[in-house]
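In what follows, a structure is listed as structure tokens, so that the remarks can point back to it.
The values are calculated or read from the model by the stated rules, or taken from the named source; none is laboratory data. What you see is a predicted model, and the numbers here were worked out from it, not measured in a lab. All Cβ positions, even for glycine, are placed from backbone atoms using ideal geometry, and neighbour counts span all protein chains on display. Ligands, DNA and RNA are stripped out before the accessible areas are found, and what is left, the full protein with its side chains, is counted by its heavy atoms. Shrake-Rupley method; radii C 1.70, N 1.55, O 1.52, S 1.80 Å.
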Amino acid sequence: MKTATIRLFLLFCTVALSLAAFADDQEKAIKEIKKITSISVDSNMRAIVNRTMADMLKAKRLDLVKERQDMNLNYGDLFLAQQLAASGVKMDDIAAQLKAGKTMLDIANANHANWKEINSDAKKLNKKIDDNIEKSFTDAKKQAALNMADDYDAKADKVPADSNISKDEYAEAQARYTHLHDAAGAGLPTGDANGINQGPGVPPAVASGGKH
């Protein structure tokens, strides 16, 4: 009797720990996903997010734009949709469920998303986004040339879901932008620091907490 009780207790503990780990992985992944969304509020940053995500997914930039417009997804949710598609979920099914009123989080959990893997990939994407944002401060003309070569227009790459961001997320995006801006400036030779001001300025939407 005691052995059975101990086994039951151990099973309970194992399940409890597994659920706690799952919840922790999901929370971390969602945090990274929100970072992708919030930094793309500004059109200049959105162009970089689009290009970086396309590179990571080996996708065409305009295909990502079309998917966003067809399903009204901000870039964070688009990333999550792409992760689910990579695991075998059909994009048409995701679109149908979104149309039925479900959120990407609902769809991800219903399809047993691997939150640990999603968190890892989201971190990698955010790191690459940061690298490309920092580079854009020192060579804004190159970013503009890349957009032109890809026939990408950041102002046309906008959906209503882009505004689904809290004030705290705006503030975090502002802090992230400022940090990258300063890091790029610190690496410039003396006398050239003002050159970063020729590129995209501090995102007005992020700075003010409003829409852009």
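Evaluate the following for D121: is it closer than 22 Å to L64 by Cα and in contact with a helix residue (DSSP H, G or I) (Cβ under 7 Å, 6 or more places away or on another chain)?
Working: closer than 22 Å to L64 by Cα: yes; in contact with a helix residue (DSSP H, G or I) (Cβ under 7 Å, 6 or more places away or on another chain): yes.
Yes: the conditions hold for D121.
Within the bounds of the stretch 107-115, is there any residue that is more than 28 Å from N44 (Cα to Cα), aromatic (F, W, Y) and either within 16 Å of the chain's Cα centre (by Cα) or open to solvent by 20 Å² or more (accessible area, probe 1.4 Å) (or both)?
First pass over the stretch 107-115, keeping only residues more than 28 Å from N44 (Cα to Cα): 107-115.
Applying the additional criterion that residues be aromatic (F, W, Y) yields 115.
This time we only want the ones that are either within 16 Å of the chain's Cα centre (by Cα) or open to solvent by 20 Å² or more (accessible area, probe 1.4 Å) (or both), so: 115.
Yes, the stretch 107-115 has at least one match.
Out of curiosity, is F79 modelled with pLDDT of 95 or more and either in a helix (DSSP H, G or I) or in contact with an Asp or Glu (Cβ under 8 Å, 6 or more places away or on another chain) (or both)? Working first, answer last.
Details: modelled with pLDDT of 95 or more: yes; either in a helix (DSSP H, G or I) or in contact with an Asp or Glu (Cβ under 8 Å, 6 or more places away or on another chain) (or both): yes.
So F79 passes the test.
So the check is Cβ under 6 Å with 6+ separation or different chains; which pairs have a first residue in the stretch 98-121 that's within 11 Å of L84 (Cβ to Cβ) and a second one that's in a helix (DSSP H, G or I) and among the charged types (D, E, K, R)?
Matching pairs, first to second residue: M104/D77.
Do you know which residues across the stretch 78-88 are under 14 Å from E67 (Cβ atoms) and open to solvent by less than 80 Å² (accessible area, probe 1.4 Å)?
Going through the stretch 78-88, the residues under 14 Å from E67 (Cβ atoms) turn out to be 78-86.
Across the stretch 78-88, the qualifying residues are L78, F79, L80, A81, Q82, Q83, L84, A85.
So F137 ticks every box in (1) part of a helix (DSSP H, G or I); (2) within 18 Å of D77 (Cβ to Cβ) but one. Which box is left unticked?
Of (1) part of a helix (DSSP H, G or I); (2) within 18 Å of D77 (Cβ to Cβ), only one is false for F137: (2).
Here are some conditions: (1) open to solvent by 60 Å² or more (accessible area, probe 1.4 Å); (2) at pLDDT 95 or above; (3) out of contact with any Leu (no Cβ under 8 Å at 6 or more places or on another chain). L19 meets all but one. Which one does it not meet?
(2)
What about L73, is it closer than 17 Å to K34 by Cα and in a helix (DSSP H, G or I)?
On the way: closer than 17 Å to K34 by Cα: yes; in a helix (DSSP H, G or I): no.
No, not satisfied.
Step by step: first the residues of the stretch 96-106, then only those that are part of a helix (DSSP H, G or I) and within 20 Å of S40 (Cα to Cα), then the one that is most open to solvent (accessible area, probe 1.4 Å). Which residue is that?
L105
Among the listed residues L105, L84, L146, which satisfies the condition of being closer than 30 Å to A184 by Cβ and of a type outside the set (D, E)?
Working: L105 fails: closer than 30 Å to A184 by Cβ; L84 fails: closer than 30 Å to A184 by Cβ.
On inspection, the qualifying residue turns out to be L146.
Of everything in the stretch 128-175, what is surrounded by 14 or more Cβ atoms within 10 Å (Cβ to Cβ), among the small types (G, A, S) and without any contact (Cβ under 8 Å) to a residue 24 or more places away in the chain? Give them in sequence order.
Passing the criteria: only A144.
Could you list all residues from the stretch 48-70 that are more than 15 Å from M148 (Cβ to Cβ), in a helix (DSSP H, G or I) and basic (K, R)?
Within the stretch 48-70, K66, R68 meet the criteria.
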